[in-house]
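The values are calculated or read from the model by the stated rules, or taken from the named source; none is laboratory data. Because the structure is predicted, anything quoted here is derived from the model rather than measured. Methodologically, a virtual Cβ is constructed for each residue, glycine included, from the backbone with ideal geometry; neighbour enumeration extends over all protein chains shown.
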Amino acid sequence: MKISLNWLSKYINISKSPEEISDLLTMAGLEVSSMKTGNSFDGVLIGEVKECVKHPNADKLSLCKVDIGTGEELSIVCGAPNVKTGMKVPVATVGTILPGDFKIKKAKIRGEESRGMICSEKELQISDSHEGIMVLPDEWKIGTPFSDLYDTSDTLIELDLTPNRPDALSHIGVARDLSAILNLDLQKPSFKLDESKVEASSEYTVEIEDQVGCPRFAVRIIKNVKIDKSPEWLSKSLEAVGIRSINNIVDASNYVLMELGHPIHTFDMDKLSGNKIIIRSSSKDEQVVTLDGIKHKLPEDTVLVCDEDKPVGIGGIMGLQNSEVSDDTTNILIECAYFDPGKIRKSSKKLGLYTEASKRFERGCDPNDIEFVLDRVCSIILESAGGELSKGIIDIFPSLKDKVKIKLRYNRVNSVIGMEVSESTIKDILGKLEFEIISENDDNIELLVPSFRPDVEREIDVIEEVARIIGYDNIPPSEHALIPLSASPDNNESQNIKLKNMLVGFGFNEIYTNSLMPYELWKLSGDIDEPIRVTNPISMDMECLRSSLMPRMLEVVSYNFNRQRKSVKLFEDGIIIAPDKKSETGVKETHKIAVIIAGEISAGNWIGENSSADYFFLKGVVEAYLKAIGFSTVTFAESSNSSYHKRYDIINNGSKLGFMGEISQPVLNGFDLEVGVFYFELEVDLLFKEMKKDIAFIEPSKYPSIMRDLSFIVEDSMQSEKLTAIFEGTKTDLLKSYKISSVYKGSPLNENEKSITYHLIFSSNERTLEESEIDKICEGIINVASDSLNANLRV
Amino acid sequence: MTLPDNDNLRKEFDSDLENSINLPSIEELRIKYLGRKGIIASLMESMKDLPDKEKPVFGKSVNELKKYFNTNYESALKKANSEKQSDSSPDFDNTLPGVEIPLGKKHPLTQVWEEILDIFTRMGFEVARGPEVETEYYNFSALNFPENHPARDMQDTLYITDDTMLRTHTSPVQIRTMLSTTPPVRVIVPGRVYRNEAISARSYCVFNQLEGLYIDKGISLADLKGTLISFAKQLLGSNVKTRFRASYFPFTEPSAEMDVSCIICEGKGCRVCKRTGWLELLGAGMVDPNVLRNVGYDPEVYSGFAWGLGIERTTMMRYGIKDIRYFYDGDLRFLEQF
């Protein structure tokens, strides 16, 4: 909504700067999104063209002598076709800076001196008109500053309004809020109205069939109007708020729309059939052509304004071409109505037709200002277009609701706001906002809510009005301490932070990726169930919901490789969404944490080798990570999914925590990556549930420990876990740890053999161990290995 | 067909390599095999006399050999280098960089969320979470959004079915939390929300919101102000100025928007704050009595306030980031700065 401060000053006498006004409105909830102040035009003076001849060296230029009251005539070269001797014009003198930082300098144009510029409206940024120089009234005195005579002081404010305030979609509404904030009087427009002797009701009748869609409908009739250009005050007022002037009839209703916020529609009466207006709902498949020449198929149950033959307007949205006011119109029928907000919104949405009228009706217009609005618009039409106004209003309101009554308790005001507000302040504020007090006692007042405020229905809404006008900034903040309600020991949030901290410690970077993706990308997840789709996606690139974090993460890996990164290790913590018929919303949401690894393990160093991530690096990360968060006994089980080349489920006590794997080549093909990409994901809620929180502390031994290395030769095809199981099985109190330290193939071993070396550590918490005890334990292990696996000690 | 004698050349190289124990001898090795007049160069030279059809095979073979020499030469050089650096000779070069330890970083959005979490945890708030796919009831109706009301246009919605949608805000978790607990309630709710908006520098179809809710007996607008001013000062510094403007949200009454003095220009007016000196931090308000009734709380007994802020917006404000897309591109050059 554009508000002109000059226009506003017709209703309220404010002595504040535009900045202060803009601030007050913003603080009261009518947010000012931009403000444009008129230009000052320093250095632009009124001049008279004393002489005007053709430029000797240029066909389209004129050479002028201009008197600007300095006693000396200025030579100015002018390019406008309309410049003539005797004209009064705005002259920008040398040194003037015009809007847009355009500085006027003394110049030679095609060999002729020019000391200033005769300006067009566009050059002064008054309008877009650039057809010629601006011609000023003859009576304006030579040498006077332009800004003294031309009203340039207006400020335009653009309001970004919330949908609950239809009343503020008008100058009077904005003035009303200011009158309450500043405690000033509001002057409503006053006018007089001459009616002819002919009764309007003898000429026309109105019948409302759709009483739900249209609770009130009123018309007035003016005969013998003369369509013409609008008077200057009218066209200038509209132009100031960005509305193009059309003619004296259309402009009058636009003016009242901007002034009072209630849409009006004018029909050419001679284009209407019969003498009855009928308001009904549209039936199936009705088609109409609106004012803008566009054909619409109407949705059923649209409110239609009809004559005795045909529809002539879509109620509350737009008039139809068949009854439009045109240059030869002489008799007009002016409509002002109240339409049901919900119905207007539905139709306007279905039609894709959003107009100044629909914007106001769907938010709720005042059903009770209709007579005033009609009188106001008629007064302007009579003044600017002449004609005879028929007597009276034809006004039908079969289903008009009563005004809302609210009881306001003073102590409730104080308890909601959190400060003492005096009864007189409350009454002053509500009075200025045109709430009517119908009864009162010591504790409360009973109010009638003005019908232009459909957003105020309850006591709390009235309290908001009081708080808003007082200004939230004038409410002292409370300083009472907040005391924790409960300290929750099972705080998943802090666990979640730990999950991330650990990965950050490993040198991994966290990413956030878009949960919406195109179907083609989703397919890379390898998931079998079709994804959840958005029915009204922004584009097909945002159609599917992620059922795996992998595809988008892979995209990020590729993004970074394309930017010359050689080492990419990332993680993401997020929700994945998959179909689930049993749930309330038809989906199952699972919280995952996932890691993706590609390229060098450490970034390029000048020292040592730069090895690339491989499957066992991935497995190492998984094992270390799980151990770090309290899982020491996970197992792995082969699983399959078309998007992974080696894939293993990660299992703890029989429940699947997640999986790890290498992403398969076909998936990588689309990404121009020349390295292997490794991925694992874990289900966060399961981690929370099963993660070991208590640590059983074991005292480290004070006695020296003994190390041994044992190498066994086994068949190449044998899985190492079989051999490892023997160590686990023979674990005594003395064998503190064992791990594989190398795997070897090649000469002098046979081709189908490998050797596996275990590194063992023995110690006791009670004493220093004897070598012979250790030999004995090792011998036992060697015997079991030889007997059960045919694994021989390598010597 | 003529081919270079790779096997013997390798053997020769290996034995030379074994004797290359210090930097000068390694350099000799390089000159002999990889130098301008070295073995590889002369093999390449000899290739030009071969018939055309033999050239590719010969060339391939030379390349294999070259790769073998190169790899081994480089690792010998690195080894000798590191040995040299570890000795205590007067040539020790401390201006060489140390071994690069890869650093991991949390996403800037996580960092800001954890800071906010910290502040509210100290004030006694707990965390609640809720689903990203919501029903019409939790996302709109229970929050007092009338059907067929322009308020629903304030949030462009992505629908899954006629009745389910991607949540447009974290406010449905207010309803879920109140339905499952008895007052007092003091929670903050982080999470992803979705809007049907084209991706641009200023908007993204997915973003993270932080919701807060405080319900108890006798909570007022003054408490809302006290709590949120304290939050803003803890997050942005004790010098930050705040202001509360009237606003509109269907689920709060009275509703407010909280601005903070622009952290770039400190309130003087700059491009970031559009010369106003203020930046919008969050929307807030007293929980609407209709919402309280919807969850079975008596609005005559209980009252409270709620607020919501965009974590992306807050992070952008904090670091002067002008394009929201950085958060979702995963560009390491961006992420490593935080």
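The table for this structure:
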quantity: First in segment A:45-68 and assigned to a loop (DSSP other than H, G, I, E, B), second anywhere and of a type in the set (Asp, Glu) and crowded, with 22+ Cβ neighbours inside 10 Å, Cβ under 9 Å, 6 or more apart; calculated: A:ILE68/A:GLU48
quantity: Residue identified as over 30 Å from A:GLU195 (Cα atoms) and either over 37 Å from the mean Cα position of the chain (by Cα) or not aromatic (Phe, Trp, Tyr) (or both) among A:ILE394, A:ILE406; calculated: A:ILE406
quantity: Checklist (1) touching a helix residue (DSSP H, G or I) at 6+ places or on another chain (Cβ under 6 Å); (2) within 14 Å of chain A (Cβ to nearest Cβ) applied to B:LEU43, failing item; calculated: (2)
quantity: Residue list for segment A:732-781, restricted to those being within 22 Å of A:ILE713 (Cα to Cα), surrounded by 14 or more Cβ atoms within 10 Å (Cβ to Cβ) and not hydrophobic (A, V, I, L, M, F, W, C); calculated: A:TYR738, A:GLU753, A:LYS754, A:SER755, A:THR757, A:TYR758, A:HIS759
quantity: Elements of type strands (runs of 3 or more DSSP E) contained in segment A:75-182, each with 3 or more residues being more than 14 Å from every other protein chain (Cβ to nearest Cβ) and within 48 Å of the chain's Cα centre (by Cα); calculated: A:88-92
quantity: Cβ pairs under 6 Å, 6+ apart, first in segment B:146-160 and more than 7 Å from every other protein chain (Cβ to nearest Cβ), second not acidic (Asp, Glu); calculated: B:ARG152/B:PHE145; B:GLN155/B:THR168; B:ASP156/B:ARG195; B:ASP156/B:ASN196; B:THR157/B:MET165; B:THR157/B:THR168
quantity: Matching residues in segment A:532-561 - criterion: being within 11 Å of chain B (Cβ to nearest Cβ) and assigned to a loop (DSSP other than H, G, I, E, B); calculated: A:ILE532, A:VAL534, A:THR535, A:ASN536, A:PRO537, A:ILE538, A:SER539, A:GLU543, A:ARG546
quantity: Residue among A:GLU600, A:GLU589, A:GLU510, A:GLU584 that alone is in contact with a strand residue (DSSP E or B) (Cβ under 6 Å, 6 or more places away or on another chain), at the interface with chain B (Cβ under 7 Å from one of its Cβ atoms) and without any contact (Cβ under 8 Å) to a residue 40 or more places away in the chain; calculated: A:GLU589
quantity: B:SER203 under 28 Å from the mean Cα position of the chain (by Cα), in contact (Cβ under 8 Å) with a residue 12 or more places away in the chain and surrounded by fewer than 16 Cβ atoms within 10 Å (Cβ to Cβ); calculated: yes
quantity: Qualifying residues in segment A:1-24 (those that are outside any strand (DSSP E or B) and touching a Leu at 6+ places or on another chain (Cβ under 7 Å)) - the one farthest from A:LEU182 (Cα to Cα); calculated: A:MET1
quantity: Some residue of segment A:435-445 being assigned by TED's automatic domain parsing to the domain that holds A:GLY213, over 30 Å from A:ARG280 (Cβ atoms), out of contact with any Pro (no Cβ under 6 Å at 6 or more places or on another chain) and not hydroxyl-bearing (Ser, Thr, Tyr); calculated: no
quantity: A:GLU572 within 8 Å of another protein chain (Cβ to nearest Cβ) and not hydrophobic (A, V, I, L, M, F, W, C); calculated: no
quantity: A:SER9 vs. criteria modelled with pLDDT of 90 or more and away from chain B (no Cβ under 14 Å); calculated: yes
quantity: Residue in segment A:633-654 that is β-branched (Val, Ile, Thr) and exposed (fewer than 15 other Cβ atoms within 10 Å of the Cβ) present; calculated: yes
quantity: Residues satisfying the stated conditions in segment B:175-200, i.e. touching a residue at least 40 places away in the same chain (Cβ under 8 Å) and assigned to a helix (DSSP H, G or I); calculated: B:ILE175, B:ARG176, B:THR177, B:MET178, B:LEU179
quantity: Yes/no for A:LYS65 being surrounded by fewer than 19 Cβ atoms within 10 Å (Cβ to Cβ), over 30 Å from A:ASP461 (Cα atoms), touching a Lys or Arg at 6+ places or on another chain (Cβ under 9 Å) and among the basic types (Lys, Arg); calculated: yes
quantity: Flag for B:GLY218 being facing another protein chain (nearest Cβ under 9 Å) and surrounded by fewer than 18 Cβ atoms within 10 Å (Cβ to Cβ); calculated: yes
quantity: Some residue of segment A:252-261 being of a type outside the set (A, V, I, L, M) and farther than 28 Å from A:VAL174 by Cβ; calculated: no
quantity: Filter pass, B:THR170 being surrounded by fewer than 20 Cβ atoms within 10 Å (Cβ to Cβ), assigned to a loop (DSSP other than H, G, I, E, B), at negative phi and more than 11 Å from chain A (Cβ to nearest Cβ); calculated: no
quantity: Selection status of A:ILE528, farther than 19 Å from A:MET660 by Cβ and within 7 Å of chain B (Cβ to nearest Cβ); calculated: no
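A quick yes/no check of all residues on (1) at pLDDT 95 or above; (2) not in a loop (DSSP other than H, G, I, E, B):
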position	(1), (2)
A:GLU589	yes, yes
A:VAL595	yes, yes
A:ASN610	no, no
A:ALA624	no, yes
A:GLY630	no, no
A:ASN641	no, no
